[in-house]
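Where a number appears in this text, it was derived from the coordinates with a stated rule and is not lab data. What you are looking at is a predicted structure, and each value in this text was computed from that prediction instead of being measured. Don't worry about glycine lacking a Cβ; one is built from the backbone with ideal geometry, like all the others, and counts go over all protein chains shown.
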Amino acid sequence: MDSRSYFSRGKILISGEYAVLFGARALALPTRLGQHLAVKEVGEPGKMHIRSILNQDDWFRGTCTLPAFEWLELTDERVGEYVKSVLLAAARLSPGFFHAGKGYGLLSKLDFDPRWGLGSSSSLISNLAWWTNTDPYLLHWEVSGGSGYDIACARATQPLVYQLVNGKPGVEEVTFHPAFRDKLFFVYLGKKQDSQLAVREFVRNNAPDSKVIEEVSALTDAICASADLESFSRLITRHEEVLSAYLGMPRIRESRFPGFHGAMKSLGAWGGDMVLVVWDGEEEELRKYFETRGLKLIFRYDDLI
């Protein structure tokens, strides 16, 4: 029986997803953590068994028919509907790949909790595209309205600058390994954002602003080139200010952490799952600050990127 394995990484977007949708250059960081997918043929033609594991426990299990992907059993209907939509899209893009004459067993292992917003969906899409010989961007856009930066990160091995050029993904690998990265932390805000809903609402209610796009792109290039903590902090603060004014939404430090003595930046879709924090003091003091506010999941830069 045929057996294959794939691995796609998670992602962190330093720039705002909203500006990227309209063509701004954005710094994106692939994570050490990702999603592993093992595929094997099984002796049950016309059936696909899917199992997803998180921390050695089942996160999702289901069995569906082939090639219609109708669920015979499943543990989570919401997850099942999403997985079905991706599989149907893959079948449309790769006609004849799935048929009733074969059966498959899929085992997915997540390195991170899906609630953290590191890309459980995008890493799944990338792995399924890899397996089905499908363009991962096309598969992504079949089921998502996002920019596709997360797909670029999925198979990347170093930081990159991502840009949509005439609706097509442009990826430029960059050297971003700041000497001050021991002062950079990622803090999980404790609530998973519905990024797809946020993106749809944004596109429906906003129009491109060339000045914003130009400034965000210039800030991205400057952030990539920043050589010291002071300039980096100044640049990400300005980036936050630009998008705050554009979106008509308060900066994360103003809305949730007033008086915090360090720079702070929203990541990905504005007000998303994690924030980037610059802290020049003792790490223990930083952790105490957030833990007293109920936020205990704090990553060092090198632990995640």
Straight-line reach check, LYS40, cutoff 16 Å on alpha carbons, 8 or more apart in-chain or any other chain, hits among aspartates and glutamates -> ASP2
Plugging the Cβ-Cβ distance of TRP71 and VAL42 into 1/(1 + (r/R0)^6) at R0 = 22 Å yields, to the nearest 0.05, a FRET efficiency of 0.80
Rounded to the nearest 10, the angle in degrees between the Cα long axis of helix 77-93 and the longest principal axis of the Cα atoms of the chain comes to 70 degrees
Taking Cα atoms, the helix 120-132 axis meets the longest principal axis of the chain at an angle in degrees (rounded to 10) of 40 degrees
So the angle from the long Cα axis of helix 210-225 to the longest Cα principal axis of the chain, reported in degrees to the nearest 10, equals 90 degrees
Rounded to the nearest 5, the percent of antiparallel DSSP beta bridges in the chain equals 85 percent
Asserting the computed 222 nm helical MRE of the chain (DSSP H runs at least 4 long, -39500 (n - 2.57) per run, divided by residue count, to nearest 500) equals -11000 deg cm²/dmol
Expressed in nanometres to one decimal, the distance between label points 7 Å along Cα→Cβ at GLU254 and GLU291 is 3.2 nm
Sorted on mean Cβ neighbours within 10 Å (highest first), peptides 62-71, 13-22, 126-135 come out as 13-22, 126-135, 62-71
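Quick check: residue separation of ASP57 and ALA227 times 0.36 nm, minus the Cα distance between them. What number comes out in nm?
Using 0.36 nm per residue and subtracting the Cα-Cα distance, I get 56.9 nm.
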Given 98-109, 26-37, the highest-first ranking by average Cβ count within 10 Å works out to 26-37, 98-109
The answer for the net charge of residues other than LEU107 whose Cβ lies under 12 angstrom from its Cβ, with Lys and Arg +1 and Asp and Glu -1, is +4
Partner lysines whose C-alpha sits under 20 Å from that of LYS168, ignoring same-chain residues fewer than 8 away, are LYS11
